[in-house]
Amino acid sequence: MTTRSIADILNAPSTSFANYPSFRPLQGLSDTTIQRIVRAVQKGGGHMALERELRNILAGDQLGVGPGGPGPGIVRASMLATHAKDSGLVRREDDPTPIQQDAISEIFGERPELAFLGNLGESGLAPRGQELFRRRTSDFLNRFQTAVGQQLVSGQLPTLTPESFFGKINFQNEFLRLPPGERGVSSGKFAPPTMFRF
């Protein structure tokens, strides 16, 4: 990306500045400062590292907060880093690096049940529900393998990964679709006793 295109992206309106819709983060800065900001973005890395670097660059920026939006260096640095992340110019700090992502994908490719169990653990489902689904891991693996098989049969190279497939499962909804007895709910609450009078 060219210096100009990065500067244009950084200076564009963004949802990152929801409270200041007309805010242009590079407005009022010298060309030298803008070039330093663009170089910091071009270095890559995470958005938190970018924010730290931008704070150093903008340390002397005391333009104040006016009708156009925030000006002090710390606020402006934070908003610029967030905007750079939201625009895809830098990655989120907690996102894995490409090398880490390749290693993760390789592990999940060899052991797809780990992707299932990891997503289950992050689902917010109560321990009882999680245990129920842990016992059904093979059912979910069969669903994944069926979906990959369908792609192959239709002549496509498989694009599904265990991470994407199991990441889309809504475990709360899956749990609610189970019959009451499997969820551990007494069926007596749903089918009250019936009396016959003759």
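The values are calculated or read from the model by the stated rules, or taken from the named source; none is laboratory data. Predicted model only: the values in this text are computed from it and were never measured. Cβ: placed from backbone, ideal geometry, glycine included. Neighbour counts: every protein chain shown.
Against the conditions (1) farther than 17 Å from Ile6 by Cβ; (2) at pLDDT 75 or above, Leu80 satisfies every one except (1). Sub-6 Å Cβ pairs linking a first residue in the range 150-164 that is outside the structural domain of Asp139 (by TED's automatic domain parsing) and surrounded by fewer than 11 Cβ atoms within 10 Å (Cβ to Cβ) to a second residue that is of a type outside the set (A, V, I, L, M, F, W, C) and at pLDDT 90 or above, at least 6 apart or interchain, number zero.
For (1) touching a Gly at 6+ places or on another chain (Cβ under 8 Å); (2) modelled with pLDDT of 75 or more; (3) under 30 Å from Phe116 (Cβ atoms), each residue gets a yes or a no:
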site: Leu26; (1), (2), (3): no, no, no
site: Gly44; (1), (2), (3): no, no, no
site: Leu50; (1), (2), (3): no, yes, no
site: Val65; (1), (2), (3): yes, no, no
site: Pro70; (1), (2), (3): no, no, no
site: Pro96; (1), (2), (3): no, no, yes
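Which of the residues belonging to the range 102-137 are small (Gly, Ala, Ser) and either at pLDDT 95 or above or in contact with a Ser or Thr (Cβ under 7 Å, 6 or more places away or on another chain) (or both)? Don't jump to the end; show me each part of the working.
So the first thing to find is which residues in the range 102-137 are small (Gly, Ala, Ser), and the list is 103, 105, 109, 115, 118, 121, 123-124, 126, 129.
Ser105, the sole residue that qualifies.
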